1. With the structure loaded, tell me whether residue 312 is at pLDDT below 95 and either in contact with a helix residue (DSSP H, G or I) (Cβ under 8 Å, 6 or more places away or on another chain) or not in a helix (DSSP H, G or I) (or both) or whether it fails that test.
2. Out of all the residues in the range 221-240, is one or more at pLDDT 95 or above, surrounded by 15 or more Cβ atoms within 10 Å (Cβ to Cβ) and farther than 26 Å from residue 95 by Cβ?
3. What number of residues within the range 326-340 are in a helix (DSSP H, G or I) and either at positive phi or surrounded by 20 or more Cβ atoms within 10 Å (Cβ to Cβ) (or both)?
4. Determine the pairs where a residue that is more than 20 Å from residue 75 (Cβ to Cβ), located within the range 11-23, has a partner that is at pLDDT below 90 and assigned to a loop (DSSP other than H, G, I, E, B) with Cβ atoms under 7 Å apart, the partner being 6 or more residues away or on another chain.
5. Would you point out the residue of the range 83-124, among those that are out of contact with any strand residue (DSSP E or B) (no Cβ under 6 Å at 6 or more places or on another chain) and in a helix (DSSP H, G or I), that is surrounded by the fewest Cβ atoms within 10 Å (Cβ to Cβ)?
6. List the residue pairs whose Cβ atoms are under 8 Å apart, where the first residue sits in the range 292-315 and is under 17 Å from residue 142 (Cβ atoms), the second is assigned to a loop (DSSP other than H, G, I, E, B), and the two are 6 or more positions apart or on different chains.
7. Within the range 126-136, restricting attention to residues that are buried (at least 20 other Cβ atoms within 10 Å of the Cβ) and touching a strand residue (DSSP E or B) at 6+ places or on another chain (Cβ under 8 Å), which residue is farthest from residue 204 (Cα to Cα)?
8. Would a scan of the range 178-200 turn up a residue that is over 21 Å from residue 239 (Cβ atoms) and assigned to a loop (DSSP other than H, G, I, E, B)?
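The values are calculated or read from the model by the stated rules, or taken from the named source; none is laboratory data. Since the structure is predicted, the reported quantities are computational estimates derived from the model, not experimental observations. For neighbour counting, all protein chains shown are included, and Cβ atoms are generated from backbone atoms with ideal geometry for every residue, glycine included.
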């Protein structure tokens, strides 16, 4: 049941956001929306002053509501916030991300047009130190984006962005009707990462369209160390493998490149012809990294930021590949997804796992 006077609930999972929480809330409160908003925070047990700051802000603004997320993950935090939401619509927002002032209004208008039950915007990296600026540049290159369309809108011949376009499971947040998310069972809490992609796979399985609007582009701050970037992409890879196992059609062929690169690097230590071919592959890959760095350096106003681009790309690919391989070991190989990637549709249908119920204890 929706709360009296609340049109849209902003769902925000947080953990240890002391440095960013006040400007983040200020940006959220700056939404230009002809309706009533509420901001539902789910704190995963922050060890810094995040909860104290949020509680203080809640005393100043009754639209801010703060709840405990005992399981501590992003997916459980989203479910806690969804459970407590009172709006007809809900929008997901994350820390370290700046959303345009019309994000909510544009998303709800998109839902009202009836073309989709999930409206989102492109994700744009905006760096703040040498490593994060190199990540921003890397994500502007084909080697950084991979096959995902969420990073920027497609361009027309005149260079101006087109209108809405469709996504696969590579999505970034979004706006929904609250009842739609409840009908889908919320976010599956077996996914600590890649939770939006798993939810998107369920939408696509029912024939839904995932619509992305360029006007909803949001800027996020990338990791500021290579170690942090490695952990981020390793976790993405691990849970991408889990998503592919349960939702075979979610795997793009490009998802296989990173684990193939890791396997090639391991085989490079082997003797004989196998090792020689693997080392040749490593050389070609290294040349591609350098070429990508040179290419982005020519486009940026700060060419020095491009120096780290090869290292950033190698970290992304290596971590994602290691994560995918680890996920295949932990959760089992995604045989049906691999069969689809190989064009063996009959084998994929035979190997496809039975659909399973969404596990969302924090929602109920």
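1. Answer is no for this residue.
2. no
3. Residues flagged as in a helix (DSSP H, G or I) and either at positive phi or surrounded by 20 or more Cβ atoms within 10 Å (Cβ to Cβ) (or both) within the range 326-340 amount to 5.
4. 20/95; 20/96
5. 112
6. Pairs found: 292/141; 295/141; 296/140; 296/141; 299/140; 306/300; 309/141; 313/141.
7. 132
8. no
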